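For reference, the structure is listed below as structure tokens.
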Amino acid sequence: MQLILIRHGETSWNKEGRVQGTSDIELSDEGIKQARLLAISLKAQKIDAIHASPLKRAMQTAQIINEYHSLEIQNHQELIEMNQGDFEGLSFKELMNDKKDFLKQWISNPAAVKMPNGESLAELQTRAWQAMEKIIAAGKNSLIVSHNFTIAAILCRLRDISLDEFRRTCVDTASKTVVSMEKDKVIIDPLNDRSHLFLSPRA
């Protein structure tokens, strides 16, 4: 069984360097282009099920990919991005200027940090894994469209590594990560593949 973890295409907030979290931002024109290139790279892939976060940027990405597969897209609230609380919509520059003490904690011990009026990585991982358990139990080759922190938390669980090491599993926009699961063996290859974005599209 294979799980293909997809991070949604670019949004205007991604480009502007804003904290996106649960804010429901649509794909930008560039993000739509990226999703189309992703879709072309996956059109011959054996995909039995498509699962997605219901946030617009993830659903749009899933819908574009699904143009080649015509499957029912299954929404999972558990797959939305981490709730960034008070930081939603702030630019990274604003965070650097105004939240230095918090950022120091986030850098040194991310697993122990909770976003003010938002979520912690542990809370995110717990809820995301609830959806993943159901997806894995179904035993189907599945495409899963979600978000950076959500995918990172899932990959930490699959790799059995601490959330303090989540940066080793972060992924870029419009990337794909393939997880092959055989009995108790988990192989992740490729991780954060974006090679499809640099090829000439051939639909």
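In the chain, the longest principal axis of the Cα atoms and the axis of helix 148-159 are about 70 degrees apart. Rounded, prolate or oblate: pick one for segment 138-203, where a ≥ b ≥ c are the square roots of the eigenvalues of its C-alpha gyration tensor, a/c under 1.5 means rounded, and failing that, prolate if a/b is larger than b/c, else oblate. Oblate, because a/c is 1.5 or more while a/b does not exceed b/c. For the chain, the spread of Cα coordinates along the three principal axes comes to 48, 40, 26 Å, biggest extent given first. Residue ranking by accessible heavy-atom surface, 1.4 Å probe, largest first, among Glu26, Glu67, Glu123 comes out as Glu67, Glu26, Glu123. Over 30 Å apart at the Cα level, from the set Lys43/Lys183; Lys46/Lys134; Lys56/Lys114; Lys104/Lys134; Lys100/Lys176; Lys114/Lys176, are Lys104/Lys134; Lys100/Lys176.
Label sites at Arg159 and Thr126, each approximated as a point 7 angstrom past Cα along Cα to Cβ, lie 2.4 nm apart.
Shown in residue order for segment 16-33 are the 3J(HN,Hα) couplings computed by the Karplus curve 6.51 cos²θ - 1.76 cosθ + 1.60 at θ = phi - 60°: 7, x, 9, 6, 9, x, 8, 4, 8, 9, 7, 5, 7, 4, 5, x, 5, 4 Hz (x for Gly and Pro).
Averaged over its residues, segment 1-101 has an accessible area of 48 Å² per residue, based on protein heavy atoms and a 1.4 Å probe. Spin-label model, Glu30/Val186: points 7 Å from Cα along the beta carbon direction are separated by 3.2 nm. The charge dipole of segment 142-203, taken about its Cα centre with unit charges on the Cβ atoms of Lys, Arg (+1), Asp and Glu (-1) only, comes to about 180 debye.
Using a probe radius of 1.4 angstrom, the carbon and sulfur fraction of the accessible surface of segment 138-177 is 39%.
The values are calculated or read from the model by the stated rules, or taken from the named source; none is laboratory data. Just so it is clear, the model here is predicted, and its values are computed rather than measured. A quick note on method: Cβ atoms are made from the backbone with ideal geometry, for glycine too, and the neighbour counts reach across all protein chains shown. These area figures cover heavy atoms from the full protein model, side chains too; ligands, DNA and RNA do not enter into them. Shrake-Rupley method; radii C 1.70, N 1.55, O 1.52, S 1.80 Å.
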